[in-house]
Amino acid sequence: MSTHSYKKHDDAEGGAPDKMTVFQDCLLGFNALPVSAKKCRGLLAKLLRLLYSGETFPASEATTLFFSISKLFQHKDSSLRQLVYLAIKELSLISDDVLMVTSSIMKDVQSNELVVKPNAIRTLARVLDGSTVNAAERLMKNAVVDKNPIVASAALLSSYHLLPVARDVVKRWTNETQEAVTAQKLLPSDQFALHEYYGSSNLPSATYSYQYHALGLLYLLRNHDRMSLMKMIQQLSGNNSPLKSPMAIVQLIRFVAKIAVEDPSATQALFPLLAAYLRHKSDMVELEAAKAIVALNVTPEQFLQAINTLQVLLSAPRTVTRFAAVRVLNRISMKNPEKIVVCNAELEGLVNDPNRSISTYAITTLLKTGSSDNVDRLIKTIAKFMGDISDEFKIVVVDSIRTLALKFPEKHGAMLRFLNELLRDDGGFAFKNSIVEALFDMIRFVPASRDGALEHLCEFIEDCEFTELSVRILHLLGEEGPKTNSPTLYIRHIYNRVVLENSIIRSSAVIALSKFALLGDAAIKKNIQILLTRCLNDVDDEVRDRAAWSLKLIASDLPEAQSFVSPLNYSLPVLEQQLALYVAGDKATFATPFDIHAIPVMSEAELNAIEFREKTDAEPVTEKVEEQSDLLKTSLLQQKYSQELSEIPEIAAYGSLLHSSKVVALTEKETEFVVTTVKHVFANHLLLQYDVENTLTDIELHDVTVIAQPDSDAYAEEFSMPIDVLRAESKGTIYVSYTRPTEVGTDLLAAFGNTLSFITKEVDPDTQAADPEDDGFQDEYQIEDLEVGPGDFIVPAYMANFTSIMDALPHQQSAVFNLGDGASALLDTVAKLVTSLSMLPLENSEVVDGNSHVLKLFGKTIWGGKVGVSIRLAHNAAKGTLAKVEVRAEEENVAEMVVEGIN
């Protein structure tokens, strides 16, 4: 083989062509006379290959190529024309003067060649801009309603690209888009008549993919108009729905689910639409409907309908359907395993499924829902095929074993053996880390497994290749080893790491050893001092420094030595917030030192209780969801508000922010002016933060303020900070401050009537601003009232034993109420109570199953006292929701305030 042919072969196989060579060859080939279609196709293919692989050209070179390619419009070869359009679409992003080819492309749009016309439409949308799109409006309208579904899909997809540059123009063919959704377009009968393999009879006459494209575009055009969107959903759902494409129906289901999530009050009205698709002939539609229902706040009976559909899909002959169904059930089992017990028989049948991914999900789901009787059998089944699955699914299995160990601690022996075998197998960092995490949780929450798990971890670090895991295990050995019956066993393993490992691990081992010297045993203390003295000659300065510091601490015999080695567990979100406020203060603030004693210290039992709750409520690892607990998110949001408000001098004088409420919507999201509010509570003041959004495009607001009238004389307005100018499609914030009662009691409860007041000015389309000489006119906009309830003075808190804490609180108040008119479900009532009282539901009492329920809530007031609420609920369709409320509080008058707020 010659060198020339070898280079050509290598280029065809995978070597990237040279950019400058391709550039020069393209200029010569495209400008040649006559044009060789075959040669130009090859050159365009090389050019596209460069562009698709990430290469780019300077604007001047790209423009030169663009002009040269435009000359190929003179050739009538269809396959060449297709590549021309692909190249123009890519080069139009970096070339100048691309509008010159508009006329040539529009000629192809008006042609009847089905190979050329869709490509021309797609390319035209990339070339046009806001100033030239009007010239092609008629052509695009006609293409949207074209009888050929391929042409219609091309026009609809092109409309997506035109939305950012010419939204108003695209809006004008909304009727045509609506017609495309309901039309029944068929592929031309002669298009595949001569197909060499399928023939004409074996090809579908219609795919209805254009409905999917049209529905998506219609949603983008109407998503700001709630009424129009609901009307569209009503028209396209039901037995007489014109939608034939499963993808379009799936998209419609997602639109319905999104509305239900944004407006929970509409869930029950929208549920029949979703339930109708649980019995569809398409598996993907049934699956999507079931996924949407299980993600909403529905009644147990409605939830069971979705579970029954998933149960049927578990027996489907298609592998992908079974995988999707068992994956959804696995996700549900992480939160509510009791709700999918009815599927255990089908899940048992999938344990030996040929597809290992399905069998893995089936077994891990059974581990969540199964009983202690079948744990051993399931673990033996898992062990048989662990070597056949990837690390990703091994992590899913380990996560399930971890949850099962916390659920059935008496079965820890079998689980420890299983995890120990996995530690010996090959695997990446993520897999090994998941096993170590599982063993850590068993040590912390299953005390009987501590000694066995520590021994397995000691064996693992003997040949562990991951430095980070070794460091974490050494830290754990230092924390838990001194608490065991034979601490000297772990001292030997730790010191081995000082001798054999790298400097990072040696440093961690030194600190772990020092913790054993604080036990009080003189013999162990002396031995530790000898070992640490040897570390003073280490080659790494970090190891020497840690050894010297540890020896000095051990020899001092100070009572505070234990706190140096095992520091106090401060509430980190509160500590961060207080430090941020301290640093943000003026020079006078630094005259006094930071008071660390004001930061709450959490006991080890409280930390373990909170962490146990987070572990048992965790999402599956494969979803990679990085959600924080409600308590942490509340603390971080409080910190954000504190930083923002401390920058306003008038508000900074109020002192520390005690509590901020959740965002309360005072208008619908589809209105002209969207207003939300947040209530901030200070020591002597209540600050109302009104966030206002002007959704209009041609109106500008000036001197925007909120007139808030409390129904209680206990609140007196102190000042108001209006918005000077609120431009079109922009947001602003108004602050209104009130002095509030300082005594705890029902006087703190109030309702504020709100009116948005402003001066309206029209926006000049040319300058995009209002005329400065225009005085405008005064106008008002009525918004919803705002209530200040007991939840505005309570922060969520967690306690391990709700009953014992409640019994210990001195002040009690009880009452019986009717909380509903019979229309709202018990689930909605529970959600409203949790939100209004701003307390943390304990013992999974937020999960409602049936028509009677006991809701257990706990929190702490802004004054520092504990408060617990136990609400017995009974729902009746005729009488509504009856509630027996019992409130106990540590402070006087708090219980009365909470009961009054519920009423």
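Every read-out reported here was derived from the displayed coordinates using simple, explicitly stated rules and does not represent laboratory data. For clarity, every value in this text was computed on a predicted model and none was experimentally measured. No Cβ is skipped: glycine too gets one built from the backbone with ideal geometry, and neighbour counts run over all protein chains shown.
Note on ASN336 and ALA430: their simple-model spin labels are 2.9 nm apart, each label 7 Å out from Cα toward Cβ. Rg and Dmax over the alpha-carbon atoms of region 33-97 stand at 11.3, 32 Å. Counting 0.36 nm for each residue step from ASN844 to GLU348 and taking away their Cα separation leaves a gain of 175.8 nm. Overall shape of region 724-860 was characterised from the C-alpha gyration tensor. The equivalent ellipsoid obtained from it has semi-axes of 45, 19, 15 Å, in decreasing order.
Counting every pair of alpha carbons in region 266-341, the share spaced more than 15 Å apart comes to 49 percent.
Which one, [x] 99, 97, 40; [y] 102, 74, 57; [z] 99, 84, 63, gives Cα extents along the principal axes in Å as derived from the coordinates shown? Given [x] 99, 97, 40; [y] 102, 74, 57; [z] 99, 84, 63, the calculated one carries the label [z]. Listed by Cβ neighbour count within 10 Å, with the fewest neighbours leading, ARG888, ARG472, ARG254 appear as ARG254, ARG472, ARG888. Shown here are the Rg and Dmax of the Cα trace of region 16-260, at 20.2, 63 Å. Highest mean packing first, where packing is the average number of other Cβ atoms within 10 Å per residue, the peptides 295-301, 701-707 line up as 701-707, 295-301.
Residues SER656, SER571, SER153, arranged from fewest to most other Cβ atoms within 10 angstrom of their Cβ, appear as SER656, SER571, SER153. Site pair LYS19 and SER814 shows an inter-label distance of 8.0 nm when each label is modelled 7 Å from Cα along Cα→Cβ. With helices as the sole contributors, the chain gives -15500 deg cm²/dmol at 222 nm; each DSSP H run of n ≥ 4 counts as -39500 (n - 2.57), and the sum is divided by every residue. Measuring r between the beta carbons of THR733 and GLU542 and using R0 = 56 Å, the FRET efficiency lands at 0.70. Distance from the Cα centroid of region 203-272 to that of region 79-157 is 28 Å (rounded to whole angstrom).
Close Lys pairs in region 385-565, defined as Cα atoms under 14 Å apart and 8 or more places apart or on different chains, number 7.
Cβ-Cβ distance of SER78 and SER103, R₀ of 22 Å, FRET efficiency by 1/(1 + (r/R0)^6): the value works out to about 0.65. Can you give me the angle between helix 412-424 and the longest principal axis of the chain, using Cα atoms only, in degrees from 0 to 90, rounded to the nearest 10? For 412-424 against the chain, the angle is about 60 degrees.
Over all distinct Cα-Cα pairs of region 437-528, the Kirkwood formula returns a hydrodynamic radius of 13.1 Å.
The Rg/Rh ratio of region 396-474, with Rg taken over Cα atoms and Rh as the Kirkwood radius over Cα pairs, comes to 0.93. Maximal additional length on extending the ASP225-ILE596 stretch stands at 128.4 nm, based on 0.36 nm per residue less the C-alpha distance.
Computed from label points 7 Å out along Cα-Cβ, the spacing between VAL261 and ALA59 is 4.0 nm.
By the count of other C-beta atoms within 10 Å, a proxy for reagent exposure, ARG506, ARG872 are ordered fewest to most as ARG872, ARG506.
Derived scalar couplings between HN and Hα for region 25-38 equal 5, 5, 4, 5, x, 6, 8, 6, 10, x, 6, 9, 4, 5 Hz in order, rounded to whole Hz, by the Karplus curve 6.51 cos²θ - 1.76 cosθ + 1.60 (θ = phi - 60°), x for Gly and Pro. Using the Cβ-Cβ distance between THR760 and ILE648 with R0 set to 22 Å, the FRET efficiency works out to roughly 0.20. The length gained by stretching the chain between ASP521 and GLU900 to full extension, at 0.36 nm per residue less their Cα-Cα distance, is 130.6 nm. In this structure, the pairs whose alpha-carbon distance is over 28 Å, taken from LYS171/LYS291; LYS832/LYS860; LYS46/LYS141, are LYS171/LYS291; LYS46/LYS141. Largest first, the extents of the alpha carbon coordinates of region 738-785 on the three principal axes equal 57, 18, 16 Å. In sequence order, region 103-120 has phi-based couplings of 5, 5, 5, 5, 5, 5, 5, 7, 7, 10, 7, 6, 7, 9, 4, x, 5, 5 Hz under the Karplus curve 6.51 cos²θ - 1.76 cosθ + 1.60, θ = phi - 60°, and Gly or Pro positions carry x.
Sorted into 10 angstrom bins from 0, the C-alpha pair distances of region 659-788 split as 12, 42, 28, 14, 4, 0 percent.
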